[in-house]
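Working notes, beginning with the structure itself.
The values are calculated or read from the model by the stated rules, or taken from the named source; none is laboratory data. What you are looking at is a predicted structure, and each value in this text was computed from that prediction instead of being measured. Neighbour counts run over all protein chains shown; Cβ positions are idealised from the backbone, glycine included.
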Amino acid sequence: MDRIDHYYHTVFIGWEKNGQTEWECYGSLITRSLVVATAYCLTGSGTLPTVVNIGEGSMNETWMNPKVVRIREVIIHPNYDKQNLLHDIGLLRLDREIVPTARKYPICLWQNETHTPFFLYNLAIVNDEVKFVESYPKYNRDCQEYLGVQGSRKLSSTELCTDVDAYDPHSLSGDPLVWYKRNMADNSSTQHLVGIVSYGRSQDQLFVHTRISSYVGWIKSVA
């Protein structure tokens, strides 16, 4: 299970300002030149990001040994609703293709719209440590009761709710939700991006994600 703690596809997203770079949220590398993140992450500050850090290894290694790539284009889903955080997804087209290595390469996209893996991992901050923790999907109607979504704003089929198996977990917008397909022959695994965190309630250990399978068609259309 040690591979779960590795971040082969995760990148930092940054904003350059006054000679400094502020790294505000995470994205996931899905091709050699394309990163997926939430639209809220990319637009919430009022200005668009300019760079990503694709450094290899753990979060600390990535932070201490940055490999910065400039962003060529920011693409926000055309139906993004910033008030209700619907269609909360966007893409970053990098200025150049990265060269995949054993410690940094794109993640596969989960494409099944009718079935969701039961045993997932959510990137979260637990006890001041960033790590992947076990997470389980919940029915949207059950999750909605806890989240207190009222009136006309219901959880959409393009959203996925999960119950995180950790006390008082915290996540940033865009944090990945991952399923690992195990190869029993050599104990290797293939990583699949199932969702990216949109919002949630840490006290209830619940997070609502943008469901990646609902947007594979859109991603392919603009990639």
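Structure notes:
- Taken together, the criteria exclude residue 133 from residues that are farther than 16 Å from residue 197 by Cα and either outside the structural domain of residue 73 (by the TED database) or in a strand (DSSP E or B) (or both).
- If you check 197, 208, 164, 178 for being modelled with pLDDT under 85 and of a type in the set (Val, Ile, Thr), only one passes: 164.
- Qualifying positions in the stretch 44-57 - of a type in the set (S, T, N, Q) and either modelled with pLDDT of 95 or more or touching a Lys or Arg at 6+ places or on another chain (Cβ under 9 Å) (or both): 47, 50, 53
- Residues within the stretch 94-112 that are outside any strand (DSSP E or B), modelled with pLDDT under 90 and loosely packed, with under 14 Cβ neighbours inside 10 Å, tallied: 1
- Of the set (1) closer than 20 Å to residue 171 by Cα; (2) modelled with pLDDT of 95 or more; (3) over 14 Å from the mean Cα position of the chain (by Cα), all apply to residue 91 but (3).
- Pick from the stretch 19-43, criterion assigned to a loop (DSSP other than H, G, I, E, B) and modelled with pLDDT of 90 or more, ranking: surrounded by the most Cβ atoms within 10 Å (Cβ to Cβ): 38
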